[in-house]
1. With respect to the numbered conditions (1) farther than 17 Å from ILE298 by Cα; (2) touching a residue at least 60 places away in the same chain (Cβ under 8 Å), which one is the sole condition not fulfilled by ILE456?
2. Within the stretch 346-367, identify whether any single residue is more than 25 Å from PHE442 (Cβ to Cβ), of a type in the set (A, V, I, L, M) and not in a loop (DSSP other than H, G, I, E, B), and answer yes or no.
3. Quick check on the stretch 293-301. Is at least one of its residues among the acidic types (Asp, Glu), in a loop (DSSP other than H, G, I, E, B), under 23 Å from the mean Cα position of the chain (by Cα) and closer than 27 Å to ALA133 by Cα?
4. Any residue at all in the stretch 74-84 that's in contact with a strand residue (DSSP E or B) (Cβ under 9 Å, 6 or more places away or on another chain) and at pLDDT 95 or above?
5. Just to be sure I understand the filter: pairs with C-beta atoms under 9 Å, separated by 6 or more residues or on different chains, first member in the stretch 430-447 and at positive phi, second member crowded, with 17+ Cβ neighbours inside 10 Å. Which pairs pass?
6. Across the stretch 286-308, what is the number of residues that are modelled with pLDDT of 95 or more and among the hydroxyl-bearing types (Ser, Thr, Tyr)?
7. Report those helices (runs of 4 or more DSSP H) wholly inside the stretch 60-130 carrying at least 2 residues which are of a type in the set (D, E, K, R) and in the same structural domain as GLY18 (by TED's automatic domain parsing).
Amino acid sequence: MLIGRRDEIQSLNGFFEGDTAGVAVVSGSIGVGKTTLLQEFAKEKNAIFFDAYETTGKHQLERLGKLMSIENIDAERFCKEITEKASKEKILIIIDQYQNFVKADPDFDKLLYSYVIGEWKSLPVKLIFCSDAFVLIDKYVKGKKAIWKNNISLDLVVNPLGFYESCEFFADASPREAAYLYGITGGIPYNLVRVANMLKVPGYEKYGLAPASDGNKLKDITARLFLDKNMSVGLNPENVMATELRELAYYNYMLTTLAKGINRVNQISAEVEKPKDVVVPYLNSLMAIDICTKDTAITEITNRKKTRYSIVNTSTLFWYKIVVPNYEDYVSGNIDSLWSKVEASMDEYMETVFIKICAEYLREQSDKNLLPFTVEEIGNWWVNDEEAGTTDGFDLVSLGKCEGKSATIFAQCYYNNEPIEVAQLKVLIEKTKQLHRQGDAFYLVFANAGFHENAITISSAIKNIMLITLDEMR
């Protein structure tokens, strides 16, 4: 069952058009749904879908021959079979985990390439290489030394699902429950389908998981995804990272540091007790596999003093913010103690999740022309307090247009248990004076717990202010 992925399917359909050979690369982290996407795309097409298991070259060809019902197949015979098929009908060839084939048989890779630029050049052969190994697919297919680098007509990176698509896995969960479930799953389909099964959503029975406890549904789901070491069914971020990187000790420490909110290079360097020229390459490696990202203030992208790092996926953040700092409880199976740590850190953790949801809401509403402005770019902005080693700014800053003129949208996202009061609205408006922009300014305040009546009353008298609750966003 494929949920979402409209843009990805559209890109693949565009690639599939035409009657000449084409090469596409589809990459993304483990569990993000690449295989499901390609299986859906391959339906009703003349397709060969081969999963390149990590084995020898001889064994790969034996498996490929079995798939095609051809005995004693070799690389040359495979290519000739494809030539014959493509002369009659367009053919789609999908090789999942392509790096395993290249490592096992580099000569097969070279022969395939020679056919694509030679005999298949004017034939409708559409070739898709798929991989969850960012480093290896770059080395063997997309990198500077790869023979394919100039022949890729589609480079598609499959990302986790957003909040609204993820909600389709959560049945009738309340807005607050849905936001939390989106956070811990990270929008990763591998996690989402298991949550759907626990919530008894039709269509996911094959995963065979017992229904979530009615007593404390969120605790039960969280425990079974991540907190119960012996029975966890969620995607462990450390296992994902281990497929790409060595020396996990330093990477784990850096991610635990980032999860604490220590996010500038000099701060990270001090925390992990490594010089900056050692820290930066480690951070670059984490960015290369989409584990962390480097943020710059939206209006100062060239200001190297205003950069900070953060963990990309909220499921990874949950692991390094909750589980790793309490690893003794995790190893000993003390789920109740771990859950108490989750509850104690809930608002702080969910603030990061909520900011992501608010950014998605802004994009969605803008795309549907439901806002008094259009959104062209979303980021954030902050000032550094060098003495305190902290930053202060806006949760979101968006640059856009209003009636054809420049507009800046300032947003604060509050995730707590208390309705927002007038004082917090004034803080946002006062803070905007630090960032001088031409054109209209809009002030957006998002709150999961809603707003006090006095805030609602006062906001009606303030130009261009919008108060938005999580209930409205769901």
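The values are calculated or read from the model by the stated rules, or taken from the named source; none is laboratory data. These figures come from a predicted structure and were not determined experimentally. Backbone-built Cβ (ideal geometry, glycine too); neighbour counts: all protein chains shown.
1. That leaves (2) as the condition not met.
2. Yes.
3. no
4. yes
5. Qualifying pairs under 9 Å: GLY439/CYS402; GLY439/ALA407; GLY439/THR408.
6. Residues in the stretch 286-308 being modelled with pLDDT of 95 or more and among the hydroxyl-bearing types (Ser, Thr, Tyr): 1 in total.
7. Fully inside the stretch 60-130 and qualifying: 75-86, 106-117.
Table: residues versus (1) under 16 Å from LEU227 (Cβ atoms); (2) not hydroxyl-bearing (Ser, Thr, Tyr).
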site: THR293; (1), (2): no, no
site: THR299; (1), (2): no, no
site: ARG308; (1), (2): no, yes
site: TYR320; (1), (2): yes, no
site: ASP329; (1), (2): yes, yes
site: GLU343; (1), (2): yes, yes
